[in-house]
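Here's the structure, in structure tokens; my notes come after.
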Amino acid sequence: MNPQLIFEQAVPVTKPKLPKYANYTETIKGIWNRRWLTNDGPLHQEFKTKLERTLKVPFAELFTNGHLALEIAIKSLGLKGEVITTPFTFASTIHAISNCGLTPVFCDIDRETLNIDPDEIEKHITSETSAIAAVHVFGTPCNVYKIEKIAQKHGLKVIYDAAHAFGVELDGKGIGNFGDISMFSLHATKVFHSIEGGLLTFSDDSFSPKLKALKNFGITSPESVDYIGTNAKMNEFQAAMGLCNLEELQADIAAREAAYQAYVSVFQEMDSVRFLQGYSNIKANYSYFPVLFESKNVRDQMFEILKKYNVLARKYFYPLCNDFSCYNADSSNTPVAKEVSDSVLCLPMFSDLGDVKARQIAEIINYELGDKIGG
Ligand SMILES: *Cc1c(COP(=O)(O)O)cnc(C)c1O
């Protein structure tokens, strides 16, 4: 231990961003006059239009959270049978597939991007396969071009879980333009949020009426219910929070980038820690700061040591989804994902972390690895 590096106050892995209090109260004032609290209210409409512009996508629909948005996306595509996906994701991705009556099929990941490995997808395709559900893990875009080719060749739909990728662009395009539908989570812990919230983006406007109906009990007009829907509407208070946070989005991402650079300035001098590289054709959102250690043993030790310094890192994603007891799967079939999940640790990353704290956390890791941790 280096007592000089201990934080007085705990540093969490993430911290929800809040807008200026007066800005939020000003934004919600009109709700008292209108008495329009939910069901496609005016703040909801304004938020939706602004999000389409921010994400550079033609069409979007808002939902109460990302998970229900994902379930509705899957339902709207009318899929059957098997969906090829990644085990290195949050439980939500796999649960959404299963809750729609489909079977998730776990495909291994790419060591560099930590996303589904497009070269592994085809060996999982059977006569039952109807879609690929890929995740832009930690905000790094999947190889969308290769995935699109495979999908076209085999007549499969493509859904992107873009929960981590708000504001990310690939080759100058908003990441929500790829695949049939993309889902963004607007949960409090994400780069950008509306307390709870979710968003689907798509290029085919004919999806809109179905998505609108599915989130509102399948109701298509006052006297007709055409789908077996659910309740997944975003309310006006959520939209107000989103509108306020949107004003500070660019500043928040710039602050995250400063923390990212501070981490990198230390880690790039070290061989024993791997961090995710940036790419020149990608506009990043600096949503997470994952690092990979030499082994599970080193990762687990580092997790405990950081706690003693008051740094609350997170083993994310660990365990793998194909190791969950509710899925009867075998993670030895996805060896790269297994190795990544066993060696990964997400370090604190949020908009007011600051470059000084990020550098200090990196220096703790440097000090401890140089000191006594064995592999
Ligand atoms: C957060 C998250 C979700 C779920 O989003 P909610 O808005 O929390 O429902 C889905 N997938 C991934 C990868 C996530 O990180």
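Compactness ratio of region 85-201: Cα Rg over 2.2 N^0.38 Å, N = residue count? Intermediate values should be presented prior to the final figure.
On the way: Rg = 13.6 Å, N = 117, 2.2 N^0.38 = 13.4 Å.
For region 85-201, the normalised Cα radius of gyration is 1.01.
Set the Förster radius R0 to 35 Å, insert the Cβ-Cβ distance between GLU128 and THR189 as r into 1/(1 + (r/R0)^6), and round the FRET efficiency to 0.05. Present the calculation step by step, with values, prior to reporting the outcome.
Numbers: r = 35 Å, r/R0 = 1.00.
According to the calculation, E is roughly 0.50.
Could you compute the net charge surrounding LEU292? Neighbours are other residues with a C-beta less than 15 Å from the C-beta of LEU292; K and R count +1, D and E count -1.
The answer is 0.
Most mobile of ARG34, ARG274, ARG299 per a Gaussian network model of the chain (Cα springs, under 10 Å)?
For the chain, modelled as a Gaussian network with Cα springs under 10 Å, the answer is ARG34.
Evaluate E = 1/(1 + (r/R0)^6) for LYS307 and GLU363, where r is the Cβ-Cβ distance and R0 equals 22 Å; express this FRET efficiency to the nearest 0.05.
Numbers: r = 17 Å, r/R0 = 0.76.
That pair, LYS307 with GLU363, gives E of 0.85.
In nm, to one decimal, how far is the modelled label at SER208 from the one at ILE282, with both set 7 Å along Cα→Cβ?
Taking the two extended label points, one gets 3.2 nm.
A 22 angstrom limit on the alpha carbon distance is what I want to check against. Which of LYS149/LYS215; LYS50/LYS233; LYS157/LYS212; LYS48/LYS173; LYS80/LYS233 exceed it? List each step's numbers first, then the result.
Numbers: LYS149/LYS215 31 Å; LYS50/LYS233 18 Å; LYS157/LYS212 20 Å; LYS48/LYS173 19 Å; LYS80/LYS233 25 Å.
Check vs 22 Å cut-off fails for LYS149/LYS215; LYS80/LYS233.
Relative to the longest principal axis of the chain, what angle (0 to 90°, nearest 10) does the C-alpha long axis of helix 236-247 take?
50
Calculate how steeply helix 66-76 sits against the longest principal axis of the alpha-carbon atoms of the chain, using the helix alpha-carbon long axis, and give the answer as 0 to 90 degrees to the nearest 10.
So the helix axis and the longest Cα principal axis differ by about 50 degrees.
How far, in degrees from 0 to 90, does helix 296-308 lean away from the longest principal axis of the Cα atoms of the chain, to the nearest 10?
The two axes meet at around 90 degrees.
Using the Cα atoms of the chain, I'd like the radius of gyration and the largest Cα-Cα distance, Dmax, both in angstrom.
Taking only Cα atoms of the chain, I get Rg and Dmax of 21.1, 71 Å.
Report the FRET efficiency, 1/(1 + (r/R0)^6), for GLN45 and PHE217, where r is their Cβ-Cβ distance and R0 is 30 Å, rounded to 0.05.
Values: r = 20 Å, r/R0 = 0.67.
Calculated value: 0.90.
If a/c stays under 1.5 just call it rounded; otherwise compare a/b with b/c (prolate if a/b is bigger, oblate if not). Do that for region 19-105, with a ≥ b ≥ c from the square roots of the Cα gyration tensor eigenvalues.
Working: a/c = 2.53, a/b = 2.41, b/c = 1.05.
The shape class here is prolate.
Using 0.36 nm per residue, how much length does the chain from GLU339 to PHE324 gain when fully extended, once their Cα-Cα distance is taken away?
On the way: separation 15, 0.36 × 15 = 5.40 nm, distance 1.61 nm.
Extending this stretch completely gives an extra 3.8 nm.
Test of understanding: what is the full-extension gain from LYS80 to GLN268, defined as 0.36 nm times their sequence separation minus their Cα-Cα distance? Before the final figure, lay out each step's value.
Numbers: separation 188, 0.36 × 188 = 67.68 nm, distance 4.59 nm.
In short, 63.1 nm is gained.
Tell me, what is the 1.4 Å probe accessible area of GLU294, in Å² to the nearest 10?
So the heavy atoms of GLU294 present about 140 Å² to solvent.
Once each part is reduced to its C-alpha centroid, what is the distance from region 202-273 to region 299-352 in angstrom?
With region 202-273 and region 299-352 each reduced to a Cα centre, they are spaced 24 Å.
Add -39500 (n - 2.57) for each DSSP H run of 4 or more in the chain, then divide by its residues: what number comes out at 222 nm, to the nearest 500 deg cm²/dmol? Spell out each step's value before the answer.
Numbers: 12 runs with 140 residues, N = 375.
Calculated mean residue ellipticity at 222 nm is -11500 deg cm²/dmol.
Which of the lysines could a cross-linker span from LYS308 if the Cα-Cα distance has to be under 30 Å and same-chain partners fewer than 8 positions apart are dropped?
LYS15, LYS17, LYS190, LYS296, LYS338, LYS357, LYS372
The values are calculated or read from the model by the stated rules, or taken from the named source; none is laboratory data. Source: prediction; values computed, not measured. FYI the Cβ positions are ideal-geometry reconstructions off the backbone, even for glycines, and counts take in every protein chain you see. Note: accessible area is taken over every heavy atom of the protein model, side chains too, but ligands, DNA and RNA are not part of it. Shrake-Rupley method; radii C 1.70, N 1.55, O 1.52, S 1.80 Å.
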